[in-house]
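This report concerns only the one structure given below.
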Amino acid sequence: MREQKGILLQIGGMPEHVHILAKLSPTLAISDVIRNTKANSSKWCNESFQSKTKFAWQRGFGAFSVSFSNVAQVKKYIQNQHEHHKRVSVADEFRQLLARHGIEFDERYLFEVEHIV
């Protein structure tokens, strides 16, 4: 994140997804930041852990802006997502978030995953 002129505020993950709350440089495109983050973390995982299959991220991502007044709430959500996802799956929550904000999507591409063997 630092190499991309950003500041990591909170990170947390589940087996099938990760949440990253960060302040990003306005000079960089979000897609470039995500691409570099995925590439660097995939490389680290594959070099650090022995596995029969290579680690790979799905092709897409979701990115949302957060107002300064909601940063503490989002940090708390990320810290407690294990509890939250006992009640609501990540897929259902993501669909609800998209619908609540009027974002159209094609279900066929929502959770597309590439498998690398």
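Summary table
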| read-out | value |
| --- | --- |
| Selection count where residues are under 14 Å from the mean Cα position of the chain (by Cα) and over 14 Å from V18 (Cβ atoms), scope region 34-63 | 4 |
| Filter result (open to solvent by 50 Å² or more (accessible area, probe 1.4 Å), of a type in the set (D, E, K, R), within 21 Å of F94 (Cα to Cα) and in contact (Cβ under 8 Å) with a residue 12 or more places away in the chain) within region 1-40 | E16 |
| Filter result for the condition that a residue is farther than 25 Å from S89 by Cβ and in contact (Cβ under 8 Å) with a residue 60 or more places away in the chain, over K54, K43 | K54 |
| Scan of region 66-84 for residues that are modelled with pLDDT under 90 and open to solvent by 80 Å² or more (accessible area, probe 1.4 Å), ordered by number | H82, E83 |
| Residues that are at pLDDT 85 or above and either closer than 21 Å to F111 by Cβ or hydrophobic (A, V, I, L, M, F, W, C) (or both), drawn from region 1-12 | I7, L8, L9, I11, G12 |
| Sole exception among (1) farther than 29 Å from S25 by Cα; (2) touching a strand residue (DSSP E or B) at 6+ places or on another chain (Cβ under 6 Å) for S51, by number | (2) |
| Any hit, region 45-61, residues being of a type outside the set (G, A, S), modelled with pLDDT of 85 or more and open to solvent by less than 40 Å² (accessible area, probe 1.4 Å) | yes |
| Residue in region 99-109 that is surrounded by 13 or more Cβ atoms within 10 Å (Cβ to Cβ) and aliphatic (A, V, I, L, M) present | no |
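The values are calculated or read from the model by the stated rules, or taken from the named source; none is laboratory data. Everything numeric in this text was worked out from a predicted model, so none of it was measured. Note: ideal-geometry Cβ built from the backbone for every residue, glycine included; neighbour counts use all protein chains shown. Please note that ligands, DNA and RNA were not included when accessible areas were found on the heavy atoms of the full protein model with its side chains. Shrake-Rupley method; radii C 1.70, N 1.55, O 1.52, S 1.80 Å.
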